[in-house]
Amino acid sequence: MSWLSRRRGAVPDETDAEDSPTKPTGYEETASRLHAFNRYEIKYLIDELKVPELRETLAARMDSDPYSPHGGYPVTSIYYDTADLRFYWEKIEGLRFRRKVRMRLYGAPAECVEETPVHVEIKQRVNRVTQKRRLALPYAQARRWLDEREEVDLETAGGSRGFVSEVTTLVGNLDLRPIVTTGYQREAFVGREADLGLRVTIDHRVHGRDRDFHFASGAENRFLIPPKLAVVELKANERVPYWATDLTAALDMSVVRISKYCQSIEAFSLAPRSRYGAADHLAPSSPTTLVSSR
């Protein structure tokens, strides 16, 4: 079996959620403190050698994310799961209702301190609809909440009792703990004029680790996807414009269903492949060690 399980011409069967800037103070604050949103999403793999052509075409039709610095920005996530990897298996087996809990940092991990804003998120799928809900908190408070089971001050957390209660219940009842991290460098483009609802991201050097979960630990990571490949995501409110799908065909980009979380789990051999053999995402081979992302 080849490293990549491809589905050329596949039709996406799920939507995803991505943030819309709301009074941002930088790219780490491009979403509201708590917001739920849905979007159609198609994921592709592209050879890094073709990225300059992709970037040039996107720049001619779209704007760079105004809250993203030149060259993109780091995104790092810590994924929480049960001891027997319940969320992982729910994804692998394609359950129609599934959730996962993560803590996400926008910005350089080495610069993360106790006061740095992070997002605690639930990404949830119901049938073919995926929602992302999140709450921004200082890093120290988020760790006390998820790792030490300390109650969240609803006043400082924006008063979202429902979301806070849901996360607290999941963490407590399922005994969630950090399992793996994922990280990458993201370039983001946003649509203009007729394509205002369109967002395209390019994720480079997708890597992760299975220990030393402090964002600023400087621990060694592994590539989860060969570094010669980037992950491209097209996200739209209602439809992906024809020019975008024509572009992906011209660059010979392959539609994939990929979970960076599952990639990280399998890269570190934390779970065997699905007993049903139905996993429709990438299966890494011999992940390459890389230097700390600090």
Revision key, fill the gap. Within the stretch 70-109, of all residues that are among the acidic types (Asp, Glu) and assigned to a loop (DSSP other than H, G, I, E, B), the one surrounded by the most Cβ atoms within 10 Å (Cβ to Cβ) is Glu93
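Of all residues in the stretch 246-269, how many are more than 12 Å from Leu54 (Cα to Cα) and either without any contact (Cβ under 8 Å) to a residue 24 or more places away in the chain or of a type outside the set (S, T, N, Q) (or both)? Even if it seems obvious, please write down each step before you answer.
Taking the stretch 246-269 and keeping what is more than 12 Å from Leu54 (Cα to Cα), we get 254-269.
Add one more test, that the residue is either without any contact (Cβ under 8 Å) to a residue 24 or more places away in the chain or of a type outside the set (S, T, N, Q) (or both), and what stays is 255-258, 260-262, 265-269.
Counting residues in the stretch 246-269 that are more than 12 Å from Leu54 (Cα to Cα) and either without any contact (Cβ under 8 Å) to a residue 24 or more places away in the chain or of a type outside the set (S, T, N, Q) (or both) gives 12.
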Exercise for review: Those residues that are at pLDDT below 50 and more than 17 Å from the chain's Cα centre (by Cα), I need them from the stretch 35-72; list them, please.
Suggested key: none
Check your understanding: Which residues, counting only those in the stretch 110-130, are touching a helix residue (DSSP H, G or I) at 6+ places or on another chain (Cβ under 6 Å) and surrounded by 22 or more Cβ atoms within 10 Å (Cβ to Cβ)?
Key -> Val118, Val120
Point to revise | Positions within the stretch 139-155 being among the aliphatic types (A, V, I, L, M), over 10 Å from Val120 (Cβ atoms) and either in a helix (DSSP H, G or I) or modelled with pLDDT of 95 or more (or both), in sequence order | key: Ala140
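The values are calculated or read from the model by the stated rules, or taken from the named source; none is laboratory data. Every value quoted in this text rests on a predicted model; they were computed, and no experiment measured them. Glycine also receives a Cβ, built like all others from the backbone with ideal geometry; neighbour counts cover every protein chain displayed.
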